[in-house]
Amino acid sequence: NAGVTQTPKFQVLKTGQSMTLQCAQDMNHEYMSWYRQDPGMGLRLIHYSVGAGITDQGEVPNGYNVSRSTTEDFPLRLLSAAPSQTSVYFCASSLAGGTTYEQYFGPGTRLTVT
Amino acid sequence: EDQVTQSPEALRLQEGESSSLNCSYTVSGLRGLFWYRQDPGKGPEFLFTLYSAGEEKEKERLKATLTKKESFLHITAPKPEDSATYLCAVRASGTYKYIFGTGTRLKVLA
């Protein structure tokens, strides 16, 4: 199993540009989520999904869109990039219910907005 | 409001010098408390899940414990390869949201 994969690893955008960060998992997990990690702030939840067609906002959703058309994929779209969105982005997945729901993380995308 | 606080922010140990990391939490009904290890430039790596007060889990030199207000990650006789940032997270009952602390940066000196 590849686990959770993310592309690209690095990205530089100009202010106002849009892009999509890709995330895929091959563990048949219902739950997927996006976090951003900034120095001194810890991991903050952007959006999450508990299954195909179901998404909800996390702590810091503004400026980001998500959709979930398949169980495997959960892309994160930046609509109009701003310097404040410079960060490291992590995708994670887990089972949604049952007795174990620890999250498994991808390797991250380092985004710089100039 | 659900909250997770980790202490200390940073810790330097000599190889073999045992210590503990703390994770204090406030949550309206705990569904689970999670410990992760994160190496520089990489994603968090899952270590343990604790579900109820009194529970303990062990893995090599690491042991995680849980009370109703906090969790400890005990590191026994650490080695330089244990150097990393250790993250704590909680999930409250009735929600799919995970709340993370800001982590403890551990450096083990040879």
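The values are calculated or read from the model by the stated rules, or taken from the named source; none is laboratory data. If you're wondering where the values come from, they're calculated on a predicted model, not measured in any experiment. Glycine also receives a Cβ, built like all others from the backbone with ideal geometry; neighbour counts cover every protein chain displayed. Accessible surface areas use protein heavy atoms only, side chains included; no ligands, DNA or RNA. Shrake-Rupley method; radii C 1.70, N 1.55, O 1.52, S 1.80 Å.
Some observations on this one:
- Answer residue from segment B:5-23, given it is within 14 Å of another protein chain (Cβ to nearest Cβ) and in a strand (DSSP E or B) and is nearest to the chain's Cα centre (by Cα) among those: B:C23
- Enumerated strands (runs of 3 or more DSSP E) restricted to segment A:22-114, each holding at least 1 residues that are open to solvent by less than 30 Å² (accessible area, probe 1.4 Å): A:31-38, A:42-51, A:64-66, A:76-78, A:87-94, A:109-113
- Set side by side, the residues A:D73, A:D56 differ, and just one is acidic (D, E) and farther than 20 Å from A:P107 by Cα, which is A:D56.
- Here B:F34 does not qualify as touching a strand residue (DSSP E or B) at 6+ places or on another chain (Cβ under 7 Å), open to solvent by 40 Å² or more (accessible area, probe 1.4 Å), assigned to a strand (DSSP E or B) and within 13 Å of chain A (Cβ to nearest Cβ).
- Residue tally, condition among the hydrophobic types (A, V, I, L, M, F, W, C) and away from chain A (no Cβ under 14 Å), over segment B:37-62: 2
- B:P8 falls short on exactly one of the conditions (1) touching an Asp or Glu at 6+ places or on another chain (Cβ under 7 Å); (2) exposed (fewer than 14 other Cβ atoms within 10 Å of the Cβ), and that condition is (1).
- Any strands (runs of 3 or more DSSP E) falling wholly within segment B:37-110 and containing at least 3 residues that are open to solvent by 10 Å² or more (accessible area, probe 1.4 Å): B:45-50, B:56-59, B:62-66, B:70-75, B:104-109
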